[in-house]
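Below is one structure, written out as structure tokens; comments come after it.
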Amino acid sequence: MKAGLLLRNVKKELEVFLQQLLNGLSSGGVYALMAVGFGLIYNVLKFSNFSHGGVMLIGCYTAYFAFKIFHSSLFLTLLFGAISGGFCAVIFEKLAIAPLRKRNAPKVYFFVNSINGGLLAEYLIVATVGVFFHTFPDFLGTANINIRQISFSKLNLTMFTISLITLFGLMWYLYKTKSGRAIRAVACDINTASLMGVDVNRVISLTFFVSGLLGGLSGVFLGISYTIYPQLGKMIVKGWMASVIGGLGSLLGPVVGGILLGVLETFLTAYIGSSFTPILEFIILLMFLLIRPQGIAGIIVEEKV
Amino acid sequence: MKKLKVIIILMTVIFLTFGLFSYSWGAGEEEILVGNIQDMSAGTAIWGQNDTNGILLAAEEINALGGILGKKIRVITYDTKGDPTEAINAYNRLVDLDKVVAVLGPPTSNVGIPLAPIAERKKVPVIGDFMDERATTHSGGVWNFMFLTEPSCSEQAEIAASYALKELKLSKFAVIYNKANSYSVNMAIPFMAYVIKHGGEILITETYLFGDTEFGAQCTKIKNANPEAVFVPGYVQDNALIAKQLRGIGVDVPIIGNNSWYVPLIELAGPAANNTYFPNNMATDIPRFQEFMKRYEKRFGMEALIHALMGYDNMNILTEAIKKAGKLDPIAIKDAIEQTDHAGVMGRIKFNPQTHRPDRMPLIMLKIENEEFVTLGEYLPPLD
Amino acid sequence: MSFYQGVIIIVVINVIAVIGNFLLTGMTGLLSFGQASFMALGAYISGLLAVKFNIPFPLAILLAIIASVFVGFIIALPVVKLRRDYFALTTFAFGEFLKAVLNLSVTITGGATGLAGIPYKVNIWIVLISLIIVILLVRNFRNSKFGKECLAIRDDELAARSCGIDSSRKKMTVFLFSVAITSFAGCLYGFYTCYIDPSMFGWTKSSELVIMVFFGGLNSLTGVIIGTTFLTLSLEILRFTGAWRMFIYVLIMIILIDFRPQGVFANWELEWTTFEKLLQVPLSIIKKEK
């Protein structure tokens with residue numbers, strides 16, 4: 001008899017565990033998408049681009065307005081958000097990055113101006129659209145798929161799939177197309193690339209556009225899962241953390257980092273409570289950085305003499 | 001060096017031009033200046049904008065009738081971004097530079113509390129909706145120049161708790177609240193205390209922090225604890241998310257909320273909002289509210305939310321006080337405010353002189369059914 | 001205490017906090033995203049001592065600074081060897097960690113509901129005198145041999161180490177010094193607003209402090225002071241722009257940084273020599289007269 005009870009308890013614990021794992025993967029997927037867009041700029045220009053949050057925000061809001069005006073389907077809305085995100089990123093590049101590049105500013109200033117860029121987007125929304133919250137309608141209905149006691153939300157599944165497809169698309173682009181190769185060349189060594197005849201300025205704008213596409217997409221996802229509000233951009237911090245944990249030197253790194261972060265956060269919240277989570281996150285992060293500072297998938301960038 | 005000089009000159013020019021423009025030229029002969037401190041651009045900006053609109057509506061109505069003491073009211077609004085330092089600067093600016101006769105304050109306590117000792121020093125009264133009791137009283141007594149015009153956090157929580165226990169006959173609760181937000185904390189704690197005092201049980205408490213958007217972990221644990229109801233006292237966007245995620249995971253029991261379950265919650269949460277009971281400061285099917293909402297909608301083209309009512313009532317209370325005082329002296333006005341017995345849109349507002357909070361204002365219990373608000377009735381804070 | 005005094009007090013407190021940040025980043029190149037949390041430590045510890053134990057104002061501040069430095073030492077120990085990006089991330093995580101601790105410790109600190117009732121002790125003279133002391137300390141520190149060695153580390157750590165400079169130890173010392181200054185700013189802040197809660201010290205505030213350092217100029221103490229003053233004051237002055245205030249504020253910052261990416265003041269310092277040169281002008285006129 002006792003064995004039966006024990007088995008049932010274990011089964012229940014397992015179900016709870018799996019449920020939490022799925023919850024974690026769902027938020028992890030969102031973090032991963034954010035982190036990849038973020039990591040792309042890091043690889044090419046070697047700075048943490050905090051304006052990615054602003055790009056997400058603008059992408060989300062424009063998609064929302066597109067939806068309101070045209071009543072577009074889910075895919076069209078996502079496309080709209082991604083493209084406007086791309087353009088927004090390029091505008092930001094022209095406004096706050098290109099002038100600094102022209103003057104050979106130290107990398108830190110790119111970073112500082114990117115924070116400002118993110119803030120600019122937030123305040124623009126506040127001044128124009130206003131501060132009221134909005135939501136996207138439930139594109140796929142709120143019903144969850146329930147297998148035994150575990151529920152997946154259809155929306156999360158769809159977003160996860162779209163993210164995966166987008167990531168594969170990105171990899172194909174970077175490795176199989178000429179412009180993608182140009183981006184990788186600039187990422188490798190900006191000076192040599194220009195010596196090889198690559199138009200560095202154009203490539204950089206292109207990189208921002210691509211990262212903006214990803215950012216706009218993440219923004220719409222965030223808007224769909226949660227709410228549309230001006231402080232949406234602040235989620236980029238999670239993307240930053242995910243990138244560093246996963247390793248900034250590659251494309252896979254941010255993905256791994258994002259998923260890991262999502263799962264870790266969910267489990268910490270589930271088993272020790274949300275208030276303790278930042279505490280443990282800090283300790284884990286610290287241990288991580290001491291033991292494997294290049295991140296999980298990263299490469300140590302040796303300091304050149 | 002030359003470039004530097006250019007920049008310095010540029011900075012000084014920007015400075016001076018703007019500085020010149022920003023100087024408020026003081027009250028005209030025919031004007032009464034009233035200050036308004038609100039969050040207009042950060043996380044609680046919806047409240048601030050609504051509050052301001054309510055104040056402006058009241059001011060316009062009063063001015064249309066000739067103003068007060070023969071003068072027109074002019075409202076000066078400053079944005080605090082929800083930051084106490086900005087609020088302190090704003091208050092000082094209103095009192096020292098603009099020379100307002102009184103200040104209408106924000107509905108957030110993290111700004112209200114620091115204003116209290118400053119108002120005490122500068123002696124210009126503040127009428128607001130900062131529900132934390134420390135904004136109106138301290139260990140040695142009352143803050144003489146601060147006035148709260150709605151039930152406090154604990155009163156609201158107790159109304160909700162007593163309704164749940166007595167009317168809905170529920171006794172086993174789960175609670176999920178925002179541990180980083182004093183509004184949420186100050187409701188969760190009295191709710192739990194009341195429930196326990198009256199024989200109920202709190203099965204599980206979960207917390208979250210500002211900016212959290214994934215509540216899967218907490219919802220799963222709540223589901224497993226099997227409560228009869230879940231108390232969710234957060235800000236509107238968090239409430240909507242929690243409702244969606246709770247329902248999504250299969251928790252169908254009633255949700256008990258706070259006054260942040262009103263508009264735009266149904267728009268944000270959709271059908272997940274159904275089966276929720278919460279205390280609110282207004283209801284659309286009670287005549288005195290309908291009347292107000294019509295005027296508000298006509299003037300601003302938007303639906304009035306609870307904070308608009310607060311602003312409206314506060315401005316009217318101030319007007320009555322100024323009339324009673326007969327002069328534009330802030331201290332005399334403060335004394336007159338203390339004597340207030342006002343039939344506001346929110347209800348009868350009469351201050352307890354020891355606390356400067358209203359004595360037993362009612363709240364209206366609402367239910368969300370079929371994605372609509374249903375009025376259940378007016379309830380006073382329980383005496384037990 | 002008039003409105004202008006109030007504004008000046010806030011400006012000066014901000015400047016002191018930014019100087020703390022400036023010291024760290026300017027002298028070691030390390031970027032700290034958790035400075036606001038040291039302000040929080042200073043404010044909370046001194047505030048708690050004053051409110052719960054009635055410890056007099058100056059003593060409370062002193063104890064708070066010592067405690068903050070101790071905490072800074074503990075976190076910096078493992079971290080100071082890390083690269084700049086990681087240091088930034090760690091200090092950020094520490095900031096969130098501290099906020100979580102503060103929110104949790106409801107019984108001691110009031111948690112999210114904040115600590116109220118801190119006595120009002122700060123006036124414009126205290127603040128200005130503190131500023132002058134801090135400026136003198138920092139200036140002398142930077143001009144000392146120790147300071148110059150730090151600059152060497154900042155510019156090229158590998159080269160400096162090969163010259164025999166112990167970079168980790170120096171970075172640690174500078175970090176602790178900057179923690180002391182920032183937490184001092186925090187104490188002043190607490191005794192001015194008389195109410196503190198964890199949400200006032202989040203990473204947005206830390207990033208504001210970082211931005212102000214870079215705006216003023218990484219190598220210029222005067223630049224940082226003037227820059228921060230300009231930014232804090234413009235915030236107040238721009239009030240008339242209503243809903244667009246913050247947008248315009250950030251836009252101005254972006255344009256000025258674009259225009260002058262070494263910080264507005266780059267390497268320029270207001271030194272006694274400038275005053276001497278200014279004095280030369282009338283002196284030479286007088287001499288010519290003779």
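The values are calculated or read from the model by the stated rules, or taken from the named source; none is laboratory data. Quick caveat: nothing in here was measured; it's all calculated off a predicted structure. Reconstructed Cβ throughout: ideal geometry from the backbone, glycine too, with neighbour counts over all protein chains shown.
See the values below:
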quantity: Condition check for C:Ile129: without any contact (Cβ under 8 Å) to a residue 40 or more places away in the chain, farther than 30 Å from B:Phe210 by Cα and in a helix (DSSP H, G or I); calculated: yes
quantity: Hits in the range C:84-96 - residues which are within 7 Å of another protein chain (Cβ to nearest Cβ) and not aromatic (Phe, Trp, Tyr); calculated: C:Asp85, C:Leu89, C:Thr90, C:Ala93, C:Glu96
quantity: B:Glu378 vs. criteria charged (D, E, K, R) and under 20 Å from the mean Cα position of the chain (by Cα); calculated: yes
quantity: Qualifying residue in the range C:181-204 (condition: surrounded by fewer than 20 Cβ atoms within 10 Å (Cβ to Cβ) and either in contact with a His (Cβ under 6 Å, 6 or more places away or on another chain) or more than 30 Å from A:Lys238 (Cβ to Cβ) (or both)); calculated: no
quantity: Among residues of the range A:224-247, those that are assigned to a helix (DSSP H, G or I) and more than 13 Å from the chain's Cα centre (by Cα), counted; calculated: 5
quantity: Hits in the range A:1-34 - residues which are under 18 Å from the mean Cα position of the chain (by Cα) and either within 13 Å of another protein chain (Cβ to nearest Cβ) or not in a helix (DSSP H, G or I) (or both); calculated: A:Asn23, A:Gly24, A:Leu25, A:Ser26, A:Ser27, A:Gly28, A:Gly29, A:Val30, A:Tyr31, A:Met34
quantity: Candidate set: the range A:108-134, residues that are away from chain B (no Cβ under 14 Å) and aromatic (Phe, Trp, Tyr); chosen: the one farthest from A:Lys46 (Cα to Cα); calculated: A:Tyr109
quantity: Odd one out for B:Ile46, checked against (1) within 14 Å of chain A (Cβ to nearest Cβ); (2) assigned to a loop (DSSP other than H, G, I, E, B); calculated: (2)
quantity: Residues satisfying the stated conditions in the range B:350-371, i.e. more than 20 Å from B:Ala304 (Cα to Cα) and in contact with a helix residue (DSSP H, G or I) (Cβ under 7 Å, 6 or more places away or on another chain); calculated: B:Phe351, B:Pro353
quantity: A:Gly216 more than 11 Å from every other protein chain (Cβ to nearest Cβ), in a helix (DSSP H, G or I) and at pLDDT below 90; calculated: no
quantity: Listing of helices (runs of 4 or more DSSP H) fully contained in the range B:71-178 that carry 3 or more residues being within 12 Å of chain C (Cβ to nearest Cβ) and either on the phi < 0 side of the Ramachandran plot or crowded, with 24+ Cβ neighbours inside 10 Å (or both); calculated: B:84-92, B:109-122
quantity: Evaluation of C:Ile129 against (1) at pLDDT below 80; (2) closer than 30 Å to B:Lys122 by Cα (one fails), failing number; calculated: (1)
quantity: Boolean, B:Arg360 is surrounded by fewer than 23 Cβ atoms within 10 Å (Cβ to Cβ) and touching a Leu at 6+ places or on another chain (Cβ under 8 Å); calculated: yes
quantity: Conditions (1) over 22 Å from C:Leu137 (Cβ atoms); (2) out of contact with any strand residue (DSSP E or B) (no Cβ under 7 Å at 6 or more places or on another chain); (3) crowded, with 24+ Cβ neighbours inside 10 Å; number of the one not met by C:Gly47; calculated: (2)
quantity: Filtered residues of the range B:328-381 (kept if over 18 Å from B:Gly141 (Cβ atoms) and touching a His at 6+ places or on another chain (Cβ under 9 Å)); calculated: B:Arg348, B:Ile349, B:Lys350
quantity: Among (1) more than 28 Å from the chain's Cα centre (by Cα); (2) modelled with pLDDT of 90 or more - the single one B:Thr220 does not satisfy; calculated: (2)
quantity: Count of the range B:331-357 residues which are more than 30 Å from B:Asn275 (Cα to Cα) and either basic (Lys, Arg) or in contact with a Lys or Arg (Cβ under 6 Å, 6 or more places away or on another chain) (or both); calculated: 6
quantity: Any hit, the range A:191-206, residues being part of a helix (DSSP H, G or I) and under 28 Å from B:Ala240 (Cβ atoms); calculated: no
quantity: Residues being at pLDDT 65 or above and in a loop (DSSP other than H, G, I, E, B) - total across the range A:138-157; calculated: 2
quantity: Of the criteria (1) crowded, with 24+ Cβ neighbours inside 10 Å; (2) within 11 Å of chain B (Cβ to nearest Cβ); (3) of a type outside the set (Val, Ile, Thr); (4) in a helix (DSSP H, G or I), which one A:Phe221 fails; calculated: (2)
quantity: Test for A:Thr135: is it of a type in the set (Ser, Thr, Tyr), surrounded by fewer than 24 Cβ atoms within 10 Å (Cβ to Cβ) and at pLDDT 90 or above; calculated: no
quantity: Qualifying residue in the range B:227-237 (condition: aromatic (Phe, Trp, Tyr), crowded, with 23+ Cβ neighbours inside 10 Å and within 30 Å of B:Gly48 (Cα to Cα)); calculated: yes
quantity: Qualifying residue in the range A:269-277 (condition: surrounded by fewer than 19 Cβ atoms within 10 Å (Cβ to Cβ), away from chain B (no Cβ under 14 Å) and hydroxyl-bearing (Ser, Thr, Tyr)); calculated: no
